[in-house]
Amino acid sequence: MPSHYLNLSTNGKIKVEYVWINVSGQTFQSKTRTLDFEPKTLSDVPMWTCVYDPVKETYLKPVGLYNDPFRLAPHKIVFCETLEKDMNPSFFNSRQRCNEVMEAAKDQHPWFGMEQEYTLLGADKHPLGWPKDGFPAPQVNAEGLAVYQMASGTGTVMGRKISECHYAACLYAGLSIAGTNAEELLSEWEYQIGPVEGIHLGDQVWMSRFLLYRVAEQFDVIVTFNPKIAAGDWSGAGCHCNFSTEKMRQPGGLKVILEACEKLSKAHKEHLAYYDAAQGKDNARRMIGRSTAPPLEECVVGIMNRTASIRVPLMVEQNGCGYLEDRRPAANCDPYLVTEAIVKTVCLGRKL
Ligand code: ADP
Ligand code: MN
Ligand code: MN
Ligand code: MN
Ligand code: MN
């Protein structure tokens, strides 16, 4: 919005952008409402409703309150879950089941950090900076070095403006964004949300995706979470899930971490159904065991190994405690489903 309008007085009114995951379970809808007061906590924000098909109406129940990085303070963004008339979750609400599982495991204080990868496309749906009629130079050069990952310089990175603006927007909103980096493909990026406890991780990852769509929109750029935009040796896009419980973070935690890896390996097939937007079919395209993607058929646990399915980071091994990294979730996963599955298997010993 031109700054002239951004600076106009709202005569004491507050704009609140209500955001919710739509019926697809993968993208968002949002609409704005004017309030006469500034909501300071979630319970200050009134419920609202929306129509999700010609005849169905659902409640929008506020579950997260953020500063609006587009309209600026005191305006707000409120993230909502969708409830039916009888106050049960709508069929496309995956949050409530996750929340129940997090409640059941709350004594173990599960923390998560998700590494969200994404690719930027021009308005023509072609990856930014890729030649119109082919591919850029291979992502690994003749010396075996990554060309684009964490690179700097014209021609080796594309879209840094968007990554930087998104980073600023997340911090302003109040999200726990841990960092950001250029990824293996030209125009592919990553940011991390975490560590965050329980249900809040899913809320924050979803909100960070909404902010990313909105930032990219200002640059006429499309964001895709497609886990594999080009076949063959080109890298896919993942959403590694770092996970710990209180015991894992305390001295001697490495033993608990290795036990958790074992439990996760045993339930490999079941977990894959929770780890992308197509009950495992998207990951079947991505997990080809090359280009730092984990294999599909088996669950490999590794220390320092960046093609493993589950990795124990080097510093965790050295400190004897910390967290594990489940590298299987795809970029288009539902973070509520991923964290629900991990807690069920590791903390509660429940079948998926
Ligand atoms: P990688 O080395 O795999 O690229 P990153 O640095 O990108 O890892 O991401 C690591 C993520 O793990 C961050 O989001 C960070 O907040 C999160 N994290 C750090 N400590 C913990 C912990 N104890 N439990 C869960 N997540 C954690
Ligand atoms: Mn990372
Ligand atoms: Mn990465
Ligand atoms: Mn990657
Ligand atoms: Mn990782």
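Derivation of every value follows stated rules applied to the coordinates shown; laboratory data play no part. This is a predicted model, so every value here is computed, not measured. Cβ sites come from the backbone with ideal geometry, for glycine too, and all protein chains shown count toward neighbours.
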*Can you tell me the order of 17-27, 312-322 when each peptide is scored by its average per-residue count of other Cβ atoms within 10 angstrom, highest first?*
17-27, 312-322
_If neighbour count is taken as other Cβ atoms inside 10 Å, put Leu65, Leu352 in order from fewest to most._
Leu352, Leu65
*asked:* Tell me which DSSP H helices of the chain clear both cut-offs, 24 Å or more of axial length from alpha-carbon atoms and a mean Kyte-Doolittle hydropathy of at least -1.0.
replied: 199-218
*Let me have the 222 nm mean residue ellipticity of the chain computed from DSSP H runs of 4+ only, each contributing -39500 (n - 2.57), with the sum over all residues rounded to the nearest 500.*
-7500 deg cm²/dmol
*Between rounded, prolate and oblate, where does the chain land on the alpha carbon gyration tensor, with a ≥ b ≥ c its root eigenvalues, rounded for a/c under 1.5, else prolate if a/b exceeds b/c?*
oblate
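How much net charge surrounds Glu38 when only the other residues with a Cβ under 15 Å from the Cβ of Glu38 are counted, with Lys and Arg +1 and Asp and Glu -1?
Here the charged neighbours net out to +2.
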*Inverse of mean 1/r across different Cα pairs in region 1-63, Kirkwood, Å*: 13.7 Å
*Of Lys56/Lys76; Lys76/Lys161; Lys106/Lys269; Lys266/Lys351; Lys56/Lys125, which pairs sit farther than 21 Å apart, going by alpha carbon to alpha carbon?*
Lys56/Lys76; Lys76/Lys161; Lys106/Lys269; Lys56/Lys125
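What longest range of the chain stays clear of loop-exposed trypsin sites (Lys or Arg not before Pro) (DSSP non-H/G/I/E/B, at most 15 other C-beta within 10 angstrom)?
Longest site-free region, per DSSP loop and neighbour criteria: 133-289.
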